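The values are calculated or read from the model by the stated rules, or taken from the named source; none is laboratory data. A quick note: this is a predicted structure, and the numbers were derived from the prediction, not measured. Glycine gets a Cβ as well: all are built from the backbone with ideal geometry, and neighbour counts include every protein chain shown.
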RNA sequence: GGCCCCGUCGUCUAGCGGUUAGGACACUGGCCUCUCACGCCGGUAACACGGGUUCGAGUCCCGUCGGGGUCACCA
């Protein structure tokens, strides 16, 4: 049977970093096995679902490059891929279960149940749905009154399944509630909607966060009741905040960790950089730290997944992004410039491609993100260059004027400013240890920068001469 | 609390009965050097604890402790 997996986010917020990892693992599994990757929108929580969230999720998936074969915007043979457009399917399945005596109508109201729940809480007892309507028949139904459809859970025995990463998981049935399949308005709840869809969409493996293992038994029971074979399951360990708490937005902010994929994009991460951090979170292939997409796909396997939850490490995430971005093997020069450009333009600069490319070549190895790259490249294009007052005060002193003047004279004699020519022309006569600081502030306005020969080369002769003239004037004025 | 799961350096992890317990990030000493990075060489640092099984346990079993997940007409 061909492999079919899905990623099924609910549009109740941005795409969470943990969700992105789940999506990645599913995508890798599908690509690895030449299968189909389905994107399905679980928007049955009408109170929280928004069009804006839907948009953010789609955009994030595209930015990450996790393309789907079936789903919203691309369609497919099992559509629609949005649950609110599939209500008839759930109603039909639910009716069938009721007819077969595997589910039943429950007329107890939410208020009524909430009251019971509060009572249980007050008595410090666990609330358990009293089987109010479990054993009633259609003769007891109240015409015109709202009802939900509940699953008739087994009262004894146990349910188990073989998880691809955790192995066999078995849980007793006796504490299973008669969970709700269909709300009184006909909208399905998560467990039911997901199972009905997974059956009709012929999903063969479900990979998701470990927080879902608890409702897997209920889903297994549902497959059974529906007379459909259950897919395989693969649960992934949780991604936690540095303190071991849930990586919620609030918790993450305390550690300056972005939680939405769009935030990583805005912070100047490259999709491949982020993906490389994520793929090594809960999965490994020996000691290999970074992968090209091709390698990820070829090497991915659930046997490489770990079972222990992990804590997010922003420093490492940045380091991995840095490694991926600066390496031509994983990020081409052209790709780097294409992604960096918007961040440069956001600073009000508009260099042409050739000029930008030269500057990025010079700073690339020292920028962890495109935001840092844009900052590092700023003085190449800003006129007049912005000079750091502290650096000016310490380096552009009167004594530096003659040194800068001599540098200006030497550069003026040259035709091309490539690094080799500059080294040949200047190194014999300049003591860079002494001339460096002043030249650096003159040319870049900063106390730290890439090597001066490289900087001059990327700056171009005209700009170099102009900036030296400015600096000489500043230095002379003291 | 019930049920389920997990436990190797600070962090991500390798390990699948016999290893000086390896790598990466972080931290740190040094080299390189016009500064900052990059790069290179080196260092600190881990098998939660207690019982078993075994000639031999990080690897297998049990217990303890610790951590996490979940108990909705949310997903």
Per the filter on segment A:418-464, residues more than 20 Å from residue A:378 (Cβ to Cβ) and in a loop (DSSP other than H, G, I, E, B) are A:418, A:427, A:428, A:429, A:430, A:431
Which one of these does residue A:281 not meet: (1) surrounded by fewer than 17 Cβ atoms within 10 Å (Cβ to Cβ); (2) near RNA strand B (Cβ under 8 Å from one of its atoms); (3) in contact (Cβ under 8 Å) with a residue 60 or more places away in the chain; (4) at negative phi? (1)
What number of residues in segment A:173-190 are near RNA strand B (Cβ under 6 Å from one of its atoms) and at pLDDT 95 or above? 5
Odd one out for residue A:294 among (1) modelled with pLDDT of 95 or more; (2) within 13 Å of RNA strand B (Cβ to nearest atom); (3) out of contact with any helix residue (DSSP H, G or I) (no Cβ under 9 Å at 6 or more places or on another chain); (4) assigned to a helix (DSSP H, G or I): (2)
Residues that are under 18 Å from residue A:24 (Cβ atoms), within 15 Å of RNA strand B (Cβ to nearest atom), in a helix (DSSP H, G or I) and more than 18 Å from the chain's Cα centre (by Cα): does segment A:314-334 have at least one? no
Condition check for residue A:345: within 15 Å of RNA strand B (Cβ to nearest atom) and under 18 Å from residue A:265 (Cα atoms): no
Here are A:241, A:194: which of them is within 13 Å of RNA strand B (Cβ to nearest atom) and under 22 Å from the mean Cα position of the chain (by Cα)? A:241
Run residue A:303 past the list (1) in a loop (DSSP other than H, G, I, E, B); (2) closer than 26 Å to residue A:34 by Cα; (3) within 8 Å of RNA strand B (Cβ to nearest atom) and report the number of the one that doesn't hold. (1)
I'd like the residue in segment A:119-160 that is within 11 Å of RNA strand B (Cβ to nearest atom) and farther than 30 Å from residue A:170 by Cα and, out of all such residues, is surrounded by the most Cβ atoms within 10 Å (Cβ to Cβ). A:147
Filtering segment A:32-56 down to residues that are touching a strand residue (DSSP E or B) at 6+ places or on another chain (Cβ under 7 Å) and either without any contact (Cβ under 8 Å) to a residue 24 or more places away in the chain or surrounded by 21 or more Cβ atoms within 10 Å (Cβ to Cβ) (or both) yields A:36, A:37, A:38, A:39, A:40, A:41, A:43, A:44
Helices (runs of 4 or more DSSP H) contained in segment A:154-264 and holding at least 2 residues touching a residue at least 24 places away in the same chain (Cβ under 8 Å): A:190-200, A:216-226
